1. Only one of (1) out of contact with any Cys (no Cβ under 9 Å at 6 or more places or on another chain); (2) within 23 Å of residue 37 (Cα to Cα) fails for residue 61. Which number is that?
2. Check residue 51 against each of (1) open to solvent by less than 60 Å² (accessible area, probe 1.4 Å); (2) at pLDDT 80 or above; (3) of a type in the set (Ser, Thr, Tyr) and name the one condition it does not meet.
3. Looking at region 92-109, can you tell me whether even one residue there is touching a Pro at 6+ places or on another chain (Cβ under 8 Å), surrounded by fewer than 18 Cβ atoms within 10 Å (Cβ to Cβ) and closer than 16 Å to residue 142 by Cβ?
4. Looking at (1) under 14 Å from the mean Cα position of the chain (by Cα); (2) open to solvent by less than 60 Å² (accessible area, probe 1.4 Å), which is the only condition residue 64 fails?
5. Can you find a residue in region 98-113 that is out of contact with any Cys (no Cβ under 9 Å at 6 or more places or on another chain) and within 24 Å of residue 36 (Cα to Cα)?
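The values are calculated or read from the model by the stated rules, or taken from the named source; none is laboratory data. Keep in mind the model is a prediction, meaning the values are calculated, not measured. Using ideal geometry, Cβ is built from the backbone for each residue, glycine included, and neighbour counts are taken over all protein chains shown. Side chains are part of the model used for accessible areas, which takes the heavy atoms of the whole protein and leaves out ligands, DNA and RNA. Shrake-Rupley method; radii C 1.70, N 1.55, O 1.52, S 1.80 Å.
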Amino acid sequence: MVEPLARRVLRVALLGALIVSLAACGARVPSPFAGPSLPAEFPSDFPIPPSSKLLSAAGPFPFVPAEVRGITAQWSSTQSRAELESFYAKSHAAWRVKGTPLTPPAAGPVSLGTIFLLSHEGDGVTATVSVGLSNMIDNGTLVQVTILPPRASPSPP
């Protein structure tokens, strides 16, 4: 009886230490009482899906290498998948669509949606936008965005 209680206390203490460590590194821990918000580093000119509600946002985490310090956000939109695909197929301000969108096959009820690659003119920031992922949260159309910093240029020899 004492051993399981000690394990639970240890787990709670370790979780508390992890939260304090993440906060000290600048990582934001979501609050169950506040709605999600975009990180300050999220590009202000990025095309947010129309008629949408932000479900989650995370990053960039300082404890990963700089070249992979991405920001991920998810929205649920009341627009249809086709309407959102049309929205992201167009250029928005300095964000340009690169190549053709990719639509992987669905596996039963699970869909990865249509994936767009966008690049930001002038600074090399890239974003992947997935429209129409399987959405088990509500009846909306799920849009997931991952923004990555510019790739480092190889230094000349």
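1. The number of the failed condition is (1).
2. Condition (1) is where residue 51 drops out.
3. Within region 92-109, none of the residues are touching a Pro at 6+ places or on another chain (Cβ under 8 Å), surrounded by fewer than 18 Cβ atoms within 10 Å (Cβ to Cβ) and closer than 16 Å to residue 142 by Cβ.
4. Single failed check for residue 64: (1).
5. Within region 98-113 (the criterion being out of contact with any Cys (no Cβ under 9 Å at 6 or more places or on another chain) and within 24 Å of residue 36 (Cα to Cα)), the answer is yes, since at least one residue qualifies.
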